[in-house]
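As structure tokens, the structure follows; a few thoughts come after it.
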Amino acid sequence: MSPAAPFDAVELICRKRDGGELSDQAISWLIEGYLAGAVADEQVAALLMAIVWRGLCHRELEAWTRAIVASGERLDLGGLGRPTVDKHSTGGVGDKVSLVLVPLLAACGAAVPQLSGRGLGHTGGTLDKLESIPGWRANLTNDEIRAQLASVGAVICAAGAGLAPADRKLYALRDVTGTVESIPLIAGSIMAKKIAEGTDALVLDVKTGTGAFMAARDDAVALARTMVGLGRAHGLSVSALVTAMDAPLGRAVGNALEVAEAVETLSGRGPADLVEVTLALSREMCALAGLSADPARALEDGSALARWREMIAAQGGDPDAPLARAPHVAPVRAGRSGVLARLDARGVGVAAWRLGAGRARKEDPVSAPAGVVCLRKPGEAVAAGDVVLELHTEDVTRLPRALAALEGAIEITDAPPQAAPLVLERID
Ligand code: URA
């Protein structure tokens, strides 16, 4: 006869439903049991909904995150001879910061192990962007990750199946049960993967605004605080910047378009907003990693670009290969003269997605050249008839729905908009 289970799933669900707390042992039993198939999907779905309503206290969230980390392997990145530091962004439109930041930090003396994901919805995924480079491959073994970190100092690759497998199963369930939107569940999910990745230090870019996961600033700050606290509790050096995501970052939105803009930025010719956010994050990363290098200099002197080329080549990519170009480019013109007051990040992100840059289901392919180029950004003057946006696509039948997503996304006024800061808050 098998021994009786130490907990009863229904009793734990009811306790959380009624606002009670779960012990560390109960949480670890639930997560282990779920991964092993001993606790059923419907029971975990009910528990997740109870957590959405009732939350988790600090102790519970630490135990929840620890159990997710313990469900798989934790990479050992010791002995590389350089400090390890990574960045995580909660996702935004035109957010190609990682493409610039990872080689930039390597040029500053760090080892950056960025285990990343693919895009879902209107925010793009870093792996999808890099896959527009001919030959580049996202899947590396743990030995390849270590070797590349030791030689180049920079890796961006897919998180392997062995890393936090409980999160993969839980996230898929949250996605179909309306239980994604919970600060403790989001914080635990993100931080478990970063803790398992083995980095010593982590900077979080928590985005807020229309194009962000957390549209309200207070929610973004609460998420940032929760993630910083969790990282600390698990021995990481961690800080967070809350940054604005009301307009796309840079001018390019879409996979190959963003790679091209990242290379321009690494060549010292990046758009001002992208450079500002990248440098703010890279200075945080240098500080956490104890590095005195100046990231702005590494952008200007070509050393970050040299690391980019090495990083791409080490993963089979050809940094000199031409990127795919869309056969169809349609203009969106200004209806009047004035100053572009607003360019809504969500509208542009959804348009790029509908043009083919993003996917609706996990298994869908993405189009490399599809996306939006913002020829005008907020604060810039426009004359009636000027092209404000270019819509790039491989499939002209996608244009009407992309245009529909841009309805109301462009606002032109007589007076320039008030300049708003990009870095809104720092949390450590
Ligand atoms: N990204 C994650 O990795 N997890 C979440 O829960 C939400 C966004």
Any aspartates and glutamates whose Cα falls less than 16 Å from that of residue 194, other than same-chain ones fewer than 8 residues away, would be 62, 73, 76, 86, 167, 205
Which value results when the Cα radius of gyration for segment 1-117 is divided by 2.2 N^0.38 Å?
1.44
What do you get for Rg/Rh over segment 188-287 if you use C-alpha atoms and the Kirkwood form of Rh?
1.00
Equivalent ellipsoid semi-axes, segment 214-266, via Cα gyration tensor eigenvalues times 5, rooted, Å:
29, 16, 8
Which of rounded, prolate or oblate describes segment 70-179 when judged by the alpha-carbon gyration tensor and an a/c cut-off of 1.5?
oblate
Taking only protein heavy atoms and a 1.4 Å probe, the highest-to-lowest accessible-area order of 95, 428, 219 is 428, 219, 95
How big, in percent, is the set of alpha carbon pairs in segment 111-244 lying more than 22 Å apart?
42 percent
Mean 1/r over distinct Cα pairs of segment 216-368, inverted to a Kirkwood Rh in Å, yields 18.6 Å
Cα centroid distance between segment 105-152 and segment 219-255, in Å?
19 Å
Given a 1.4 Å probe, how much area per residue of segment 28-107 is accessible, in Å²?
37 Å²
State, as an integer percentage, the relative contact order of the chain based on alpha-carbon contacts under 8 Å between residues 6 or more apart.
19 percent
Counting other C-beta atoms within 10 Å, and keeping those with at most 11, which DSSP coil trypsin sites (Lys or Arg not before Pro) do you find in segment 356-403?
361, 362
Two decimals, Cα atoms only, Kirkwood Rh: what is Rg/Rh over the chain?
0.98
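Using a 1.4 angstrom probe, figure out how much accessible area segment 185-287 has per residue, in square angstrom, rounded to the nearest whole.
For segment 185-287, the solvent-accessible area averages 27 Å² per residue.
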After finding the eigenvalues of the alpha carbon gyration tensor for segment 328-413, what semi-axes result from the square roots of 5 times each, listed largest first in whole Å?
25, 12, 10
HN-Hα couplings for segment 348-360 via Karplus (6.51, -1.76, 1.60; θ = phi - 60°), in whole Hz with x for Gly/Pro, come out as 5, x, 5, 4, 4, 4, 5, 6, x, 6, x, 10, 8
Using just the C-alpha positions of segment 127-175 as equal point scatterers, what log10 of I(q)/I(0) does the Debye formula give at each q in 0.15 1/Å?
-0.53
Protein chains only, probe 1.4 Å: how do 410, 27 rank by accessible area, largest first?
410, 27
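Under the rule of -39500 (n - 2.57) per DSSP H run of 4 or more residues, summed and divided by the residues of the chain, what mean residue ellipticity at 222 nm is obtained, to the nearest 500 deg cm²/dmol?
-13000 deg cm²/dmol
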Post the alpha-carbon centroid distance, segment 27-97 to segment 256-325, in whole angstrom.
30 Å
Please compute the per residue accessible area over segment 328-413 with all protein chains in place, 1.4 Å probe, rounded to a whole number of Å².
45 Å²
Provide Rg over Rh for segment 355-401; use the alpha carbon set for both Rg and the Kirkwood Rh (inverse mean inverse pair distance).
1.09
Which GluC sites (Glu not before Pro) from segment 346-428 combine a DSSP loop assignment with at most 11 other Cβ atoms within 10 Å?
363, 407
Per residue, what volume in Å³ does the Cα convex hull of segment 94-136 take up?
79 Å³
Over segment 328-413, what percent of the accessible surface lies on carbon and sulfur atoms, probe 1.4 Å?
54 percent
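The values are calculated or read from the model by the stated rules, or taken from the named source; none is laboratory data. Computed from a predicted structure; not experimentally measured. Every residue, glycine among them, receives a Cβ derived from its backbone with ideal geometry; neighbour counts consider all protein chains shown. Note: accessible area is taken over every heavy atom of the protein model, side chains too, but ligands, DNA and RNA are not part of it. Shrake-Rupley method; radii C 1.70, N 1.55, O 1.52, S 1.80 Å.
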